[in-house]
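Chemist: Right, I'll just put the structure down here and ask away after.
The values are calculated or read from the model by the stated rules, or taken from the named source; none is laboratory data. This one's a predicted model, so the numbers in the text were calculated from it and none came from an experiment. For neighbour counting, all protein chains shown are included, and Cβ atoms are generated from backbone atoms with ideal geometry for every residue, glycine included. Ligands, DNA and RNA are stripped out before the accessible areas are found, and what is left, the full protein with its side chains, is counted by its heavy atoms. Shrake-Rupley method; radii C 1.70, N 1.55, O 1.52, S 1.80 Å.
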Amino acid sequence: MATATFAAGCFWGVEQRFAALPGVVSTEVGYTGGTTENPTYKEVCANTTGHAEAVRVEYDPDQIRYEELLAAFFGMHDPTQWMRQGPDYGSQYRSAVFFHDKGQERAARAAIEQLTESGVFKKKIVTQVAPAGPWWRAEDYHQRYFEKHAGASCHA
């Protein structure tokens, strides 16, 4: 198994989309990329910890390649929005790839370069590419949120 970590706005929808991909074994929502140890959702939403709402994906590389996860990631959000996604704004909603090894870093940077050259996005891609740091699991009520709350929205 391998691990990948992505931030693409509200983590509820991002988790749901990754969990549906064949080859993804498990997902977990949490916080990473900040400075506060063991942050709470309230602290992260106050935009004072520097953390992003993120999804940690455990996947089987024999069933799905990291590049396919990247393609799904770039297809599920707008990587040109700085510190926001849609109506959600703040550094916790930034677009970020938190790489776990040099291969993931190279793949993320290559994907951004390819998307930039393709002209798919009319604005500059602002996705952060950074080393995966400490991971703080989000509170239980955030895990698989949409499965537990049918009809819920990230913009409630």
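Chemist: Restricting to bridges with both residues inside the stretch 16-156, how much of the DSSP beta-bridge set is antiparallel, in percent to the nearest 5?
Modeler: Beta bridges within the stretch 16-156, antiparallel portion: roughly 75 percent.
Chemist: Continuing with this model, one more query. Using just the C-alpha positions of the stretch 73-147 as equal point scatterers, what log10 of I(q)/I(0) does the Debye formula give at each q in 0.18 1/Å?
Modeler: -0.86
Chemist: Give the calculated FRET efficiency between GLN16 and TYR89 to the nearest 0.05, with a Förster radius of 30 Å applied to their Cβ-Cβ distance.
Modeler: It comes out at approximately 0.90.
Chemist: Could you please put ASP140, ASP62, ASP78, ASP101 in sequence from largest to smallest accessible area, using a 1.4 Å probe?
Modeler: ASP62, ASP140, ASP101, ASP78
Chemist: Another question about this same structure. Between MET1 and SER26, what is 0.36 nm times their sequence separation minus the Cα-Cα distance? Round to one decimal in nm.
Modeler: Result for the pair: 8.0 nm of gain on full extension.
Chemist: OK, next. Quote to one decimal, in nm, the extra length available between ARG106 and ARG137 on full extension: 0.36 nm per residue of separation minus the C-alpha distance between them.
Modeler: Here the segment from ARG106 to ARG137 would lengthen by 8.5 nm.
Chemist: Still on this structure, please answer the following. Could you give the distance between the Cα centres of the stretch 30-91 and the stretch 93-114, to the whole Å?
Modeler: 12 Å
Chemist: Could I have the simple spin-label model distance between LYS122 and PHE146, label points 7 Å from Cα toward Cβ, reported in nm to one decimal?
Modeler: Computed distance between label sites LYS122 and PHE146 equals 2.7 nm.
Chemist: Still on this structure, please answer the following. Counting helices only, and only those DSSP H runs with n ≥ 4, report the 222 nm mean residue ellipticity of the chain as the sum of -39,500 (n - 2.57) divided by its residues, in deg cm²/dmol to the nearest 500.
Modeler: It comes out at -8000 deg cm²/dmol, rounded to the nearest 500.
Chemist: Moving on. Sort 2-10, 15-23 by packing, meaning the average of other beta carbons within 10 Å per residue, with the highest value first.
Modeler: Order by mean packing, descending: 2-10, 15-23.
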